[in-house]
Structures are given as structure tokens and as C-alpha cells.
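Enquirer: What follows is a single structure, and I will ask about it in a moment.
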Amino acid sequence: MQRLISSIASRLVIAVPYLWLLIFFLIPFVIVFKISLSEVAMAIPPYSPVFELAGGLQGLKDNISQLSWDNYIWLIEDPLYYKAYISSVLIAAVSTLLTLIVGYPIAYGMARAPATIRPTLLMLVILPFWTSFLIRVYAWIGILKPEGLLNQFLMWAHVIDTPLNILNTNTAVFIGIVYSYLPFLVLPIYSALEKMDYSLVEAAEDLGCPPILAFWKITFRLSMPGVIAGCFLVFIPAVGEFVIPDLLGGSQTLMIGKTLWNEFFSNRDWPVSSAVAVVLLLLLVVPIVLFQRAEARAQESEK
């Protein structure tokens, strides 16, 4: 009896994450994909539905035969969309690289700090989450605008004579993304570095390895799982970011999040916006799945 109960309990523990993904990922994805195959219409909601079950099995077959892929063809033909995808990927990649450059020294310093002050440093990294994300982005407007705090300080220090034009540029978008997603990169790297055995670095230095080379070959390589996890946590949401490019970017800042918002709320073209969302999701999920499979194969080959 106890074995039966433990077996049922273990299966329930495994089933809960799959049930969560089914309810909050797969079903919404199917709904969005269904809308993307529809045609826009002057109605509420503003599209002609497909897969109507009222006509029975024959009606369902007729609907399947009449499905239209015009919305996806439109994404390929209109340069606005594929340029938005490319621009979003490039901005997210550059932002992720900048976040890594800024975040890795912070995580390394936290991991090498005395154990008594590590909780305080960890709290300081998490502290920005106590404030609304929108308020933090709005605060950067007050800092970066021509009469903002940054320009006033630089002019007071006689570093510049005229205010810098930072707001409404891609530079402001990079600053906003790096600042907003920095904790998502610092925490995984800190977790990996904290568990590392630093006697390996000391042994390498005792054998004549220069400190920089020892850091690159031992410390950085052992922290790679944290680096990869942190880069994914920054890159994935940055690709579809809307708030930061809308508030800090200018009219020339082209990202797929802004394009999706305009199609959905301004143009009220739900089928096209759903197609944009489906392509964006596939653009992010497929490389991650392929990477995870490659990592699993590499681990199996090492064994």
C-alpha cells in the first residue's frame, strides 16, 4: 500500500509541471495559432473564427481545407516584420553581451566576498525588484533626457559643454535593458561561482599558470552553466521587449514587441499580430531546444 501511495505521489509530482505547461503554455499557444490562421473582420473579436465545432466533424474538415496561411506569407513579403525580427535579435544580443560584461565582475566579486556580507550583497542585487519595473524605466527618462541628471552632472563636472542626446536612441534602449535584466544574469553566475572550488585556481597558479589564464581556463569555464543560464534569461525577454524601446527608444528603434503592440491595439489586426507572436515564439523556442539536445548529447559522450 505504501509503495502504491509513493508511486502515485511521485507521478503527481512529475505531472504537475506538465499540467502547468499544458494550461499556461500549450493551450494559449494553440489559441493564438488558431487566430493566426483566421482572417480579419469587422466584428468583436475582429477576426473570422476557424475550427468551429458547431458543424460537427464534416464542418471541421471543411474548415481545415479552407485554412489560410496568408498572414504568414504577409510577414515574409512585408519588410517591416523581418526587419523588426532581425533588429530585435541584434539589440537583444548586444544587450546580453553588455549585461554579461557588467554582471560577471559583480557576480565574481560577490562570490569572493567574505561569507558574512554575501547575504547583504545578494539583497542589494535583488533590491530593484522591490520597485515596479515601469517606475524604474520611467526613472531612466529623468536621468537620460537632455536636461536630466546625467547631463547636469557631466556639465557640472565640465566633461561636456552641451547636453548629450541619449534619450530616444538605441543607446538608451541598451542602458534600460542592461539595468532591468542585470539581476537575472548576476544570480545564476553567482550561484555557479559560489560552489566552485577555488583551490583549483591556487593549484594552477602554484604550477606557474598566470592569474588571467587560470581565471579563463578554470574559473570562467566552471561558471559556464551559470553564464549560459543567465544569458538565456536576459536574451529571451529582451527579444520581445516592448516597454523599454517604447519609453526610451526613438522612432527609429524597431523591435518586434512594438510592432506586435501596434498590430494588436492600433491596427486591431489580430490574425497578423497572432502570426507575429507565433513566429517570435518559434524563433526563441527552437534554438533553445536544439541547444539543450546538443548539451545532453555532449554530457552523454563525456560519460
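The values are calculated or read from the model by the stated rules, or taken from the named source; none is laboratory data. Note that this is a predicted model, so its numbers are computed, not measured. Heads up, the Cβs are rebuilt from the backbone with ideal geometry, glycines too, and the neighbour counts pull from every protein chain shown. The accessibility values were calculated without ligands, DNA or RNA, using every heavy atom of the protein model including side chains. Shrake-Rupley method; radii C 1.70, N 1.55, O 1.52, S 1.80 Å.
Enquirer: Quick check: anything in the range 194-204 open to solvent by 50 Å² or more (accessible area, probe 1.4 Å), free of Cβ contacts under 8 Å to residues at least 12 places away in the same chain and within 23 Å of the chain's Cα centre (by Cα)?
Expert: no
Enquirer: Please enumerate the residues belonging to the range 109-120 that are assigned to a helix (DSSP H, G or I) and closer than 21 Å to Phe220 by Cα.
Expert: Those that are assigned to a helix (DSSP H, G or I) and closer than 21 Å to Phe220 by Cα: Gly109, Met110, Ala111, Arg112, Arg118.
Enquirer: Can you tell me which residue is modelled with the highest pLDDT among those in the range 46-85 that are touching a Lys or Arg at 6+ places or on another chain (Cβ under 9 Å) and closer than 23 Å to Phe265 by Cβ?
Expert: If we take residues in the range 46-85 being touching a Lys or Arg at 6+ places or on another chain (Cβ under 9 Å) and closer than 23 Å to Phe265 by Cβ, then Ala84 is modelled with the highest pLDDT.
Enquirer: Looking at the structure I just gave you, is Ser223 of a type outside the set (Asp, Glu) and open to solvent by 60 Å² or more (accessible area, probe 1.4 Å)?
Expert: Against the criterion (of a type outside the set (Asp, Glu) and open to solvent by 60 Å² or more (accessible area, probe 1.4 Å)), Ser223 does not qualify.
Enquirer: Now for a different question. Would you check if there is a residue in the range 177-189 being loosely packed, with under 13 Cβ neighbours inside 10 Å and touching a Pro at 6+ places or on another chain (Cβ under 8 Å)?
Expert: no
Enquirer: Given the options Ile106, Ile135, Ile101, name the one that is in a helix (DSSP H, G or I), at pLDDT 90 or above and surrounded by 12 or more Cβ atoms within 10 Å (Cβ to Cβ).
Expert: Ile106
Enquirer: When you look at Leu233, is it open to solvent by 60 Å² or more (accessible area, probe 1.4 Å) and at pLDDT 90 or above, yes or no?
Expert: Yes, satisfied.
Enquirer: Could you figure out which of (1) touching a Leu at 6+ places or on another chain (Cβ under 6 Å); (2) hydrophobic (A, V, I, L, M, F, W, C); (3) touching a residue at least 24 places away in the same chain (Cβ under 8 Å) isn't true of Met255?
Expert: With (1) touching a Leu at 6+ places or on another chain (Cβ under 6 Å); (2) hydrophobic (A, V, I, L, M, F, W, C); (3) touching a residue at least 24 places away in the same chain (Cβ under 8 Å) applied to Met255, the lone miss is (1).
Enquirer: Residues that are open to solvent by 70 Å² or more (accessible area, probe 1.4 Å): which helices (runs of 4 or more DSSP H) entirely in the range 241-303 hold 3 or more of them?
Expert: 270-302
Enquirer: With under 30 Å from Lys195 (Cβ atoms), open to solvent by less than 30 Å² (accessible area, probe 1.4 Å) and among the polar types (S, T, N, Q) as the only criterion, which of Ser95, Ser88, Ser68 stands out?
Expert: Criteria check complete, one pass: Ser95.
Enquirer: Now, a different point. If I filter the range 284-291 for residues that are of a type outside the set (Lys, Arg), under 30 Å from Ala139 (Cβ atoms) and at pLDDT below 90, do I get at least one hit?
Expert: Within the range 284-291 (the criterion being of a type outside the set (Lys, Arg), under 30 Å from Ala139 (Cβ atoms) and at pLDDT below 90), the answer is yes, since at least one residue qualifies.
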